[in-house]
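Asker: Dumping the structure here so I can ask a few things about it.
The values are calculated or read from the model by the stated rules, or taken from the named source; none is laboratory data. All values reported here derive from a predicted model rather than from experimental measurement. Every residue, glycine among them, receives a Cβ derived from its backbone with ideal geometry; neighbour counts consider all protein chains shown.
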Amino acid sequence: MISLPTVKQLRYFVALEQAGHFGRAAEACFISQSAFSVAIRDMETTLGVQLVDRTTKRVAITPVGRDVAAQARLALADLEQLVQIAGQARRPLTGRLMLGVIPTIAPFLLPKILPVLRAQYPELQVFIREGKTTEICADLLSGKLDVAILALPYPLPGGLDVTKLFRDRFLLACHQQTRLIDPENFSVNRITANSVLLLEDGHCMRDQALSACRLRNLDVVNRFAASSLLTLIEMVDDDLGVTFIPEMAVGSALLKQTSIRTWPLAKSSFREIGLAWRKSTARADEFALLVDEIKAAKAG
């Protein structure tokens, strides 16, 4: 009969791989460092491999240890799903929900949907993780997240399902007295060089804006890219350039007390907002209910 590590050992080793330090990992698991070290050694004995290199001052996880940690996360996620299956049979949308959201959606959509979810499902605990799309997708696949709100189009990795929620149009945004363009007669063919400001590479909204707004001449895009929407708005408010922002940002605190105005673009200039989850999840029906709730909250 194959010897298996315990659930506790898996949790401890994942904590160690994340913390990179025995003391901090033991503290995070509410156990003494000596007992923690014994548990890791017992796990190594059970598996018959060395998971941790203890010859250096700092903990170094071995290559096989990295693979074991990745699989341990999936195993723990599966065990949590086992508990969730039982809970789901009682009531949908209860317990803990790990929700990932990208930063060009989170500040605009979450204030609309979270109050509705709290009112409709008081036993649902929503934990938010904000990050770039690549990070969110990786956390979905690894089991760190249950579900995520993303912007499309985006080449999602295999293993994820996505349901479209609604369209979010792009708008032209510039200083209300800008000297760079004539916003009332705006055309992508009349933009001067370096006058368009966008988010830096890694933000999916950069590529989506370029594609949706038909910006094929990249000479018009300023080489200085913003790391956040807040920085982007600050530069546009100083009339350092123009940009394209999602319609959901209109009326938000981001634009308040600025001199920025927005103008509509072609109807084809939009991104799709979608809800994504692992294909293997046991909560697909529950997430379908969440889709309906988000759509209703957005419409309301």
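Asker: Output the number of the condition that Thr192 fails; it satisfies all remaining conditions of (1) part of a helix (DSSP H, G or I); (2) surrounded by fewer than 20 Cβ atoms within 10 Å (Cβ to Cβ).
Answerer: (1)
Asker: Looking only at the range 73-84, decide whether some residue is of a type in the set (Lys, Arg) and closer than 22 Å to Ala288 by Cβ.
Answerer: No, the conditions are met nowhere in the range 73-84.
Asker: Restricting to the range 121-149, give me the number of residues that are touching a Leu at 6+ places or on another chain (Cβ under 8 Å) and not in a loop (DSSP other than H, G, I, E, B).
Answerer: Within the range 121-149, residues that are touching a Leu at 6+ places or on another chain (Cβ under 8 Å) and not in a loop (DSSP other than H, G, I, E, B) number 16.
Asker: Right, next: Listed residues Phe244, Phe270, Phe287; which is surrounded by 14 or more Cβ atoms within 10 Å (Cβ to Cβ) and in contact with a Cys (Cβ under 8 Å, 6 or more places away or on another chain)?
Answerer: Phe244
Asker: Can you run down the residue pairs with Cβ atoms below 8 Å, 6 or more apart or on separate chains, where the first is in the range 110-138 and among the acidic types (Asp, Glu) and the partner is loosely packed, with under 13 Cβ neighbours inside 10 Å and modelled with pLDDT under 95?
Answerer: Within 8 Å, the pairs are Glu123/Arg91.
Asker: Go through the range 19-59 residue by residue and tally those that are of a type outside the set (Gly, Ala, Ser) and touching a residue at least 24 places away in the same chain (Cβ under 8 Å).
Answerer: Number of matching residues: 12.
Asker: Would you check if Lys256 is among the charged types (D, E, K, R), farther than 30 Å from Ile85 by Cα, at pLDDT 85 or above and surrounded by fewer than 16 Cβ atoms within 10 Å (Cβ to Cβ)?
Answerer: yes
Asker: Let me ask something additional. Looking at Ile181 and the list (1) loosely packed, with under 13 Cβ neighbours inside 10 Å; (2) assigned to a loop (DSSP other than H, G, I, E, B); (3) not hydroxyl-bearing (Ser, Thr, Tyr), which single condition is not satisfied?
Answerer: (1)
Asker: Looking only at the range 251-300, how many residues end up being in a loop (DSSP other than H, G, I, E, B) and either within 21 Å of Pro183 (Cβ to Cβ) or without any contact (Cβ under 8 Å) to a residue 40 or more places away in the chain (or both)?
Answerer: 13
Asker: Next question. Taking the range 150-171 as the search range and keeping residues that are under 20 Å from Ala77 (Cβ atoms), among the hydrophobic types (A, V, I, L, M, F, W, C) and surrounded by fewer than 21 Cβ atoms within 10 Å (Cβ to Cβ), which one is modelled with the lowest pLDDT?
Answerer: Ranking the qualifying residues of the range 150-171, first place goes to Leu156.
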